[in-house]
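Participant: I'd like to ask some things about the structure below.
Computed from the coordinates by the stated procedures, all read-outs in this text should not be read as laboratory data. Every value quoted in this text rests on a predicted model; they were computed, and no experiment measured them. Here the Cβ positions follow ideal geometry from the backbone for every residue, glycine too, while neighbour counts run over all protein chains shown.
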Amino acid sequence: MATTDAPALAPVAHTLSNGLRLLVTPMPYARSVSISVYFAAGSRYEPAEADAGLSHFLEHLCFKGTTRRPKPLDISMELDATGGNINAATHRELTVYYAKVTPEHLEQATDVMADMLRNSLLADSEIERERGVILEELAAVEDSPTEQVSVLLDGQLWPGQPHGRDVAGTEQSVTELPNARIVDYYHRQYVPNATVVSLAGAITVEAGLDLIRRHFDDWAPGTPLDWVRSVDAPRGPRLALLEKDTEQAHVAFGMRALSSGDEDRYALDLYSVILGEGMSSRLFSRLREELGLCYDIHSYMSTLLDTGMFGVYAGVDPDNTTETVREISRELARSLTTIGDDELARAKAVSRSRTQLRLEDTRSVAAMYGSLAILGLPMRTPEEALARSQAVTVEDVQRVAERVITEDALQLAIVGPVDGDPLDAALSLGA
């Protein structure tokens, strides 16, 4: 493994008296500074199906007015004036608000963000206006079969569970979500003892601590809700087909896989690179280059605190759907016995390069440590994580592949103008 003279990027951690956790990662070579504010809020904090999309709805509303900045334009104009990148995102196990700015604008960006997150008005008029916006966002998913097939697959893997639903909710849940429920959730989850602030870039530890104390130290703690655990209940149907008049058939294989705390995830990540990430991967070489069945094909993994999934996506001509499903099944079967040393070496090089390139970006570094902290995962440095990845052997990859890729775990979701009858036989490791 190549080495550099750059110091390890390790954060300095501090906990305020109200329970807010702060991480500061100085990056002396950086010309920007990023602040990411993480909350224990997401679809896994929404136990009832009627609550689906609650966290995402609230994320939108925090940009719509505060006691000091009562109009959405007051917030947007001030954020735009920083010249940086400021946004938010809701996931299954967290919600994050982030800004990447030059150092002279960090104070202003932090002041606006703290005001948004602590003092949002959540006015009825803004809730109703944003309800319409989110319904349009859901309608956009209906026009995006790549997103639709992902939502369909999640519902197969975890039917009836919060992590099997679209993070944005459904048309019904968003339409019927009471205003009072949103306000209650805001006061319940947006509290300092369910918050992590991660700073990275052109800032010192002392300056970061002073900044966050000034904006968050007088914030009163609360009693936030916990996340909903995964139930090892029966999965949904082996094949889910949404017939739709699209130019392509969108094919998504999925199987339950590893949690974010499982040490085998390093081996599974490398297995995914070998199988379907990049132009030299097995799936790309076979299905695109040799057979010409598809333009886009790739594999991926997703980890949650107590479960996870491994998937393969392909966009194909509808007439080639059955052959594509059969060929992907065959490649999965082959991979259980034929991983080679040269393939693993290439996968490790890809993983190493990806990690090192992310370390140039202050936003990526702030996100890396902030997400680990809010999820309660080990605070490993990139160097420590890479060491674990580099220590993976061919036997490790083979073992984790055999653990995850099993006949009874395979599930298939398809969106497109496809007949489902021939697909059951093609969906088999022995096909």
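Participant: Within the range 222-304, which GluC sites (Glu not before Pro) sit in a loop by DSSP and count at most 15 neighbouring Cβ atoms inside 10 Å?
Facilitator: Passing both the DSSP loop test and the Cβ count: GLU247, GLU263.
Participant: Of the residues ALA52, ALA41, ALA30, which exhibits the maximal mean-square fluctuation in a Gaussian network model of the chain defined by a 10 Å Cα contact cut-off?
Facilitator: Looking only at ALA52, ALA41, ALA30, the largest GNM fluctuation is found for ALA30.
Participant: Placing +1 at every Lys and Arg Cβ and -1 at every Asp and Glu Cβ, with all other atoms neutral, what dipole size does the range 1-83 have around its Cα centre, in debye to the nearest 20?
Facilitator: 260
Participant: Here's another thing I want to ask about it. What percent does the relative contact order of the range 12-216 come to when contacts are Cα pairs within less than 8 Å and at least six residues apart?
Facilitator: Result for the range 12-216 is 42 percent.
Participant: Would you be so kind as to identify which of ALA202, VAL151, TYR313 lies farthest towards the positive end of the dipole of the chain, taking Lys and Arg as +1 and Asp and Glu as -1 on Cβ and the Cα centre as origin?
Facilitator: Selected residue: ALA202.
Participant: Let's see if you can work this out: charge +1 on each Lys and Arg Cβ, -1 on each Asp and Glu Cβ, no other charges. What is the dipole magnitude of the chain about its Cα centre, in debye to the nearest 20?
Facilitator: That gives the chain a dipole magnitude of about 1180 debye.
Participant: Continuing with this model, one more query. Enter the per residue convex hull volume of the range 12-216, computed from alpha-carbon coordinates, in Å³ rounded to the nearest integer.
Facilitator: 132
Participant: Got a sec? Charge dipole of the range 316-431, +1 on Cβ for Lys and Arg, -1 for Asp and Glu; which of GLY340, SER371, ILE414 is way out at the positive end?
Facilitator: SER371
Participant: Name the aspartates and glutamates eligible as straight-distance cross-link partners of LYS71: C-alpha to C-alpha under 19 Å, and not fewer than 8 places from it in the same chain.
Facilitator: GLU59, ASP80, ASP111, ASP115, ASP124, GLU126, GLU128, GLU130
Participant: In the range 279-341, which trypsin sites (Lys or Arg not before Pro) fall in coil by DSSP and have 14 or fewer other Cβ atoms within 10 Å?
Facilitator: Nothing satisfies the criteria.
Participant: How large is the dipole of the range 239-426 about the Cα centre if only Lys and Arg carry +1 and Asp and Glu carry -1, each at its Cβ, rounded to the nearest 20 debye?
Facilitator: About 740 debye.
Participant: Still on this structure, please answer the following. Please rank VAL101, VAL133, VAL394, VAL415, fewest neighbouring Cβ atoms within 10 Å first, as an exposure proxy.
Facilitator: VAL133, VAL394, VAL101, VAL415
Participant: Further, regarding this structure: Just from its helices, what would the mean residue ellipticity at 222 nm be for the chain, if runs of 4 or more DSSP H residues each count -39500 (n - 2.57) and the sum is divided by every residue, rounded to the nearest 500 deg cm²/dmol?
Facilitator: -12500 deg cm²/dmol
Participant: Sorted from fewest to most neighbouring beta carbons within 10 Å, what does the list TRP227, TRP219 look like?
Facilitator: The most exposed by this proxy come first: TRP219, TRP227.
Participant: Also, quick follow-up: Can you tell me the relative contact order of the chain? Whole percent, Cα pairs under 8 Å, sequence separation 6 or more.
Facilitator: Here the relative contact order equals 23 percent.
Participant: While we're looking at this one, here's another question. Here are labelled values, (1) 25; (2) 32; (3) 22, and one is the computed percent of Cα pairs over 36 Å apart for what I pasted. Which one?
Facilitator: Read-out taken from this structure: (2).
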